[in-house]
1. Hey, what's segment 187-285 come to in accessible area per residue, 1.4 Å probe, Å²?
2. Report, in listed order, any pair from 75/104; 484/515; 276/514; 514/575 with a Cα-Cα distance greater than 18 Å.
3. Report relative contact order for segment 339-405 in percent, whole number only (criteria: Cα-Cα under 8 Å, sequence separation at least 6).
4. At R0 = 41 Å, how high is the FRET efficiency between residue 398 and residue 136 if r is their beta carbon distance? Nearest 0.05 is fine.
5. So how far apart, in nm, are the two label points at residue 211 and residue 110 if each is 7 Å from Cα heading toward Cβ?
6. What order do you get for 324-330, 361-367, 583-589 when each peptide is scored by the mean count of other beta carbon atoms within 10 Å, highest first?
7. Which FRET efficiency value, to the nearest 0.05, is calculated for residue 574 and residue 603 with the Förster distance at 51 angstrom and r the Cβ-Cβ distance?
8. By per-residue mean of other Cβ atoms within 10 Å, what is the highest-first order of 116-122, 431-437?
Amino acid sequence: MHKSIWSHFLALCLLTIGSIIPASALTTSKSEPDPRLSQPVTIECANVRLHTVIERLSQMTGVTIRCGRNKDDWKVRDIPVVVYAKDLPLGKLLQAIADATHLKFSSSKIDGVWKYRIWRTARQERELAEYENAKSTAVLAAATYDWDLWTKLKDMPNLESDDSPVYFASSLRDPALVAISNIMADLGTEVRDNVLEGETIRLTLMSAPDSMAERLQVIFDGVWQMFAEAAGSHGRVTDPLTPDELDEANIEIRFSDGTDSPAGIEVEARAGHYSKDYGMYLLSERLRKKGHDIPLRPEIPERPGTEQIDAKYSELHRGGASILPEKVTLEAPKNVARLTAADVLVALAKAIDYTLVSEDFHSHYCAASSSAFGREVSVVALRDEIGWEFLNSWRVNSKNRIILGHDRNWIQRHRNLVPESLIKRLIAKLKAEGFDLDDLEPLACLTPDQCGEWILMCPELQPLRGVSLRFSTNPLWSLYYSLKRSDRVKARSDKGLSLAGQDPRWIREAFRCKKEQLKKMRRGDGSPIPLSEMTKYDSFADPYVLPTLRLRISRDKRKLTDNRWNYYLEIEGVKDGERIRTGDFLPPLPIYPSEREAELKKKQAAGGKKK
């Protein structure tokens with residue numbers, strides 16, 4: 001009875017679906033394979049975005065290939081890539097591109113015609129989001145573990161019995177370890193919580209109390225000893241630290257999210273020309289090996305989507321090391337005004353007759369020398385020149401002769417991507433008319449990492465370097481550009497703009513930066529800024545503080561012939577009866593095209609000679 005009901009229900013569903021979707025569109029990927037995917041393809045693309053490669057392949061082969069969910073999906077379409085292939089079947093090349101960029105290569109047959117797409121699926125987006133959430137939780141747990149273990153290290157027995165050389169990063173007999181442990185225990189949980197929120201603690205002999213200064217001296221002596229022992233093992237002598245070098249010596253305690261260094265708490269000591277990093281991720285393993293009963297350090301989750309690549313590729317420096325000769329002659333690319341690392345990679349793939357497909361987040365600033373082409377050169381020298389092993393992870397499929405590359409921090413690079421259209425608009429505007437204050441809003445909307453990776457490093461945008469640095473280091477400008485146009489006008493008036501009701505996030509961040517600046521400043525007599533002066537900038541949760549804050553932006557005309565202005569942005573208010581303020585200058589505006597800049601410099605020089 002039940003089976004009969006279900007059979008009728010399913011039949012009705014199929015009839016309904018059939019009435020909506022044509023039968024020709026219901027063909028699945030299990031149908032006859034598309035012979036067009038077997039056609040050999042030869043393509044060479046350097047210094048381009050993914051959509052350019054896909055559009056070129058579609059035009060060359062007559063096959064419909066889409067890039068991204070749609071034409072607005074720039075986070076996929078604008079991934080920078082380098083691709084070289086010679087007589088490789090189209091299907092294999094498209095799959096390699098998807099693998100290198102951590103995307104999905106999918107197909108569908110509609111009305112009897114196969115169509116293809118390289119994109120990021122909802123499942124992949126979900127996996128990335130879940131990974132980033134899990135990583136954030138694990139990184140915070142690892143950093144908390146590191147701090148707590150550092151504070152306990154001073155009480156652990158038999159550290160000096162470790163037989164590893166003191167210059168090893170995991171050596172337990174380094175006397176600096178106990179000194180660091182005592183310092184971090186003295187700093188307390190409030191400082192720990194500040195560090196876990198991103199604050200960097202910087203300690204010097206000049207600013208530390210006597211008890212802490214003694215421990216700092218032990219650390220700086222330990223840094224010198226490490227280099228002295230290492231140099232001595234090679235028959236060299238290390239000069240002792242001078243008094244001036246000791247005055248400038250410092251240690252920094254900071255939180256690392258694992259993007260460019262191991263996740264957790266980093267301790268870095270610098271003294272003169274010498275420095276040493278102390279990482280609990282290494283020390284905890286050493287402590288356990290030496291029999292200390294300590295809990296396991298929280299593990300950072302693996303990046304998603306690696307299984308598919310691992311099944312088809314081996315690491316280049318292991319299974320594929322033999323494919324790279326000791327020396328090679330590279331063919332120079334034609335009609336290329338500025339050579340980059342991507343051009344070297346394409347020429348190398350040509351020389352060894354391998355397909356190469358890789359993400360390429362670095363060639364826009366990583367220039368290559370013309371001396372790398374047209375003559376026999378060492379592969380090791382090429383590697384060192386463009387840093388391909390440092391920036392990318394490389395894998396090889398020897399059977400299909402494919403080299404696959406992806407950025408070592410690819411998730412972060414994808415998140416920091418900037419639209420190609422924005423870069424082009426900025427370059428075009430800079431060449432045409434230049435930038436004044438409100439023209440710079442797109443830059444202020446970028447994150448510091450986006451500015452650092454795409455604006456500061458772009459050769460065509462070098463005139464914007466100064467303002468980009470200000471935007472990436474001082475949140476005051478993000479506050480200004482978050483305002484409505486009418487509020488910006490008020491901020492430029494003599495009275496200024498009341499910040500009551502404005503987004504407090506940027507305000508808190510601006511005063512946090514102010515406090516960090518004060519920590520590094522000295523009074524006229526060389527003494528540090530008193531702690532009481534810094535604590536004024538700690539918290540702005542007090543409802544009586546925000547209404548007192550006003551934002552003003554002013555400008556002073558430069559005494560030069562180029563008719564530019566210096567803009568100064570300032571927040572001023574009252575807290576606990578004391579005046580508080582923070583501000584920042586921008587480089588002179590407008591920023592003009594390079595040709596006009598050169599003309600202005602000539603005029604200034606001529607005006608100076610007349611005087």
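1. 50
2. Working: 75/104 14 Å; 484/515 28 Å; 276/514 28 Å; 514/575 15 Å.
From the list (75/104; 484/515; 276/514; 514/575), the Cα-Cα distance tops 18 Å for 484/515; 276/514.
3. Averaging sequence separation for qualifying contacts and normalising by length gives 40 percent for segment 339-405.
4. Values: r = 38 Å, r/R0 = 0.93.
Efficiency for this residue pair is about 0.60.
5. My value for the distance between the label points is 7.3 nm.
6. Highest mean packing first, the order is 361-367, 583-589, 324-330.
7. Given R0 = 51 Å and the Cβ-Cβ separation, E is 0.65.
8. Numbers: 116-122: 18.0, 431-437: 15.0.
Result, highest mean Cβ count within 10 Å first: 116-122, 431-437.
The values are calculated or read from the model by the stated rules, or taken from the named source; none is laboratory data. Here the structure is a predicted model, which means the values were calculated and not measured. Methodologically, a virtual Cβ is constructed for each residue, glycine included, from the backbone with ideal geometry; neighbour enumeration extends over all protein chains shown. We work out accessible area using only protein heavy atoms, side chains counted, and drop any ligands, DNA or RNA first. Shrake-Rupley method; radii C 1.70, N 1.55, O 1.52, S 1.80 Å.
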